Amino acid sequence: MSSISELADLFPRASDIPADARITPLHQRETLVGGEMRRFDGELKAVMSALRVRQPDGTLDHVEVGSYPLGGASEARAALDAAVAAYDSGRGRWPTMTVAGRIACVEHFTRLMVERREEVVRLIMWEIGKTRGDAQKEFDRTVEYVSATVDALKELDNSNSRFQVVEGTIAQIRRAPLGVALCMGPYNYPLNETFTTLIPALIMGNTVVLKPPKFGALLFYPLLFAFQKAFPAGVVNTIYGRGEEVVPYLMGSGQINVLALIGSSRVADALKKQHPKSNRLRAVLGLDAKNPAIILPDADLETTVRECVAGSLSFNGQRCTALKLIFVHRSIADTFVAKLADAVNRLKCGMPWEEGVQITPLPDENKPRYLHDCVAQAVELGACVMNDGGGMSAGSLFRPAVVYPVDARMRLYHEEQFGPVVPVVPFDDVQEPLDYIIGSDYGQQVSLFGNDAGQIGALTDQLVNQVCRVNLNCQCQRGPDVFPFAGRKDSAEGTLSVSDALRAFSIRSMVATRQSPASKALLNSIVDGRRSNFISTGFLL
Ligand code: G3H
C-alpha cells in the first residue's frame with residue numbers, strides 16, 4: 001500500500017457492500033423512561049458512520065447510520081425521576097426484591113438480548129468500525145459476562161444466607177443496593193463496557209440511568225425493548241443527548257448515588273465535583289491509560305513482536321488497555337523495530353466485514369488529524385516512520401505508523417494516542433522505563449518481555465506497586481473477566497471483575513439482635529414464614 005488513493009480505494013462503493021453487512025438507517029425517536037418507550041419530538045442527532053462510501057469520482061461520502069434524540073435537561077430530569085421513583089428510597093419493588101427474583105429478570109433480559117445479536121453486531125460495525133469478528137466477540141463476551149455475574153451473585157448470596165453469632169450478637173450480613181446508578185460506557189466497547197457496570201448495578205438492586213457513549217449509541221436501541229420487557233418500570237431508564245449538558249445536570253441533582261463511568265479522568269474529575277454531596281457518591285471509574293511495554297535484551301522477539309502488534313493495534317489501538325508506548329533495549333532495538341514494522345506492513349486494512357481485516361476506519365473524525373499532528377511532531381524532532389505508508393490516511397482510514405526513536409520531547413511519549421500509532425523508545429538502562437512509569441499520571445498495566453528469572457522477578461516486585469497488572473511476555477488486556485481490572489493514579493477508581501463489580505455496586509448491610517430466646521424465636525418465625533427477603537436462609541441453585 002503506497003498511496004493515499006490506494007487507501008481510499010479500500011472504501012466500498014455502495015453497490016460493493018455485501019448484503020449481510022448492509023444496514024437500514026435507524027432513526028430513533030423513543031427513549032426508555034419509567035417502563036415506557038417515550039416518544040421524543042425534539043431535535044435528533046445524526047449518527048455518522050465510521051465508514052465512508054466511495055463515489056465514482058473517488059470522493060468519500062459520509063454515511064448516516066441514523067439518528068437519536070438530542071435530549072436536554074428536561075429529558076435528563078424525566079429519566080432521573082423515573083429511576084428515583086423506582087428505587088423509592090430503597091422501598092421500591094426492585095431494591096426489595098429477592099435475589100432470585102432479580103436474577104430471573106436478568107436472565108429473561110439475556111434471552112431477549114441474544115435474539116437481537118445480529119442487529120447489534122451490525123450497528124457496532126457501522127457506528128464504530130469494529131471488525132465483524134470483534135463485534136461478535138464483544139456481544140458474546142457480554143452475554144458470558146452476564147451469565148458469570150449471575151453465578152457470582154448466587155455464590156455471594158449463598159455465602160450470606162446464614163446467621164452468625166459473635167459475642168452474644170446474632171447477625172445476618174448481606175449486600176444491599178446503593179440507590180440510583182448513572183452508567184456510561186466508552187465508544188470502543190460501547191456494549192461490553194457499558195454492561196460491565198450496568199448489569200452488576202442492576203442485579204444488586206440499584207435502579208439505573210443509562211447514557212450511551214458518543215459513538216455506539218444506536219446499538220442500544222434494539223435492547224431497549226428487552227429492558228422494557230424484562231425489568232419492572234423505572235429500573236432501567238435511558239438518556240440520549242449532549243453529554244456536556246445532561247450529565248452535569250444529573251450529577252448536580254445530588255440524586256445520583258453511583259457514578260459508573262468508563263471514560264476520561266478529566267470528565268470523571270469534573271463530574272464528581274458537580275455532585276453537591278460528595279460523601280454520598282460512590283464512583284466506579286475506568287479511565288485513561290498509557291500502558292508501556294518493556295522489552296529486555298533477552299526477550300524472544302517472535303513472541304514479543306506478535307504480542308506488541310496485537311497489544312498496540314487490536315481495534316486500531318482504541319483500547320484503554322492497548323500498549324501505547326514500547327520501550328526496547330538499545331542492543332536489540334533495530335532488529336525489533338524492523339520485525340515490528342514488517343508485521344505491521346502485513347496487517348490488512350479494510351472494511352469491518354472483510355475476511356482477515358485488522359485495521360478499520362476510525363469513528364472519531366478528529367482522530368486522523370490528531371494522529372498526523374503527533375507523528376509529524378515526532379518526525380520534526382528526529383523520529384522516523386518505520387513501516388510502509390505508516391501514518392497515511394484517507395477519510396477515516398489511518399494506516400498504522402511505527403514511530404522510532406521516540407523520546408520525552410515528543411507528544412507520543414506522554415499523550416494517550418488511542419489510535420493506530422506505535423511509538424518505540426530505545427533505552428540503555430531499565431531504570432529509564434521504570435522512571436517513566438513512576439512519573440506517569442497513569443497506572444493501569446505494563447507488559448514485560450524477557451526471560452531472565454532474576455531480572456523479571458525483581459522488576460515485577462517494583463512494578464506491581466506502580467500498576468495493577470504486570471503481563472509477562474504478553475500484551476496488556478482486561479480479560480479474563482473474572483480477574484480484577486483496576487488501575488492506580490488517573491487510570492481507575494475501584495476494581496471491576498465479575499465478582500468485584502457486585503461489591504462495587506452494593507454495600508454491606510446487616511440485621512443484628514441480642515442472642516436471646518425471644519430474638520431467636522422472632523428470627524425463626526420471620527425465616528419460616530418467609531416474612532423478609534433480607535432475613536432468609538434460602539439457598540440459590
Ligand atoms: O478499553 C478498555 C477495555 O477494557 C479493554 O478490554 O483488554 O479486553 O480489550 P480488552
Quick one: check the C-alpha center-to-center distance for region 296-315 versus region 378-400, whole angstrom.
20 Å
If His27, His108, His329, His275 are ordered by their accessible area, calculated over protein heavy atoms with a 1.4 Å probe, which sequence runs from highest to lowest?
His27, His108, His329, His275
Show me the three semi-axes of the equivalent ellipsoid for region 71-286, from the C-alpha gyration tensor (sqrt of 5 times each eigenvalue), largest first, rounded to whole Å.
28, 23, 16
What accessible area per residue comes out for the chain, rounded to a whole number of Å², with a 1.4 Å probe?
40 Å²
Using each residue's phi in region 421-438, evaluate 6.51 cos²θ - 1.76 cosθ + 1.60 at θ = phi - 60° and report the 3J(HN,Hα) Karplus result to the nearest Hz, with x for Gly and Pro.
10, 10, x, 10, 10, x, 9, 9, 10, 5, 4, 5, x, 5, 5, 4, 5, 5
Through the Karplus equation 6.51 cos²θ - 1.76 cosθ + 1.60, θ set to phi - 60°, convert the phi angles of region 10-20 into ³J(HN,Hα) values in whole Hz; use x for Gly and Pro.
6, 6, x, 6, 3, 6, 7, 6, x, 4, 7
Can you send over the solvent-accessible area of Met386, 1.4 Å probe, protein chains only, in Å² to the nearest 10?
80 Å²
Structure shown: which of Lys130/Lys489; Lys277/Lys324; Lys137/Lys273; Lys45/Lys154; Lys229/Lys348 lie over 31 Å apart, alpha-carbon to alpha-carbon?
Lys277/Lys324; Lys137/Lys273; Lys45/Lys154; Lys229/Lys348
Whole-angstrom gap from region 454-477 to region 111-156, using each part's C-alpha centre
30 Å
How much net charge surrounds Asp428 when only other residues with a Cβ under 13 Å from its Cβ are counted (Lys, Arg +1; Asp, Glu -1)?
-3
Taking amide H positions as placed 1.01 Å from N in the peptide plane, with prolines and chain starts having none, which residues 5 or more places from Arg282, or on another chain, fall under 5 Å of its amide H?
Val258, Leu259
Given a 1.4 angstrom probe, I'd like the percentage of the accessible area of region 71-286 that is carbon and sulfur, rounded to a whole number.
50 percent
Helix axis angle, 330-345 relative to the chain longest principal axis, alpha carbon, degrees:
80 degrees
Dividing the helical contributions, -39500 (n - 2.57) per DSSP H run of n ≥ 4, by the residues of the chain yields a 222 nm value, nearest 500 deg cm²/dmol, of -12000 deg cm²/dmol
With loop defined by DSSP as not H, G, I, E or B, and exposure as at most 11 other Cβ atoms within 10 Å, which is the longest segment of the chain clear of exposed trypsin sites (Lys or Arg not before Pro)?
347-529
5 Å is the cut-off here: which amide hydrogens, built 1.01 Å from N in the peptide plane, fall below it relative to Leu323, excluding neighbours closer than 5 in sequence?
Ser312, Cys476
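The values are calculated or read from the model by the stated rules, or taken from the named source; none is laboratory data. Note that the coordinates shown come from a computational prediction; the quantities given were computed from them, not determined experimentally. Ideal geometry is used to build each Cβ from the backbone, glycine not excepted, and the neighbour counts take in all protein chains shown. These area figures cover heavy atoms from the full protein model, side chains too; ligands, DNA and RNA do not enter into them. Shrake-Rupley method; radii C 1.70, N 1.55, O 1.52, S 1.80 Å.
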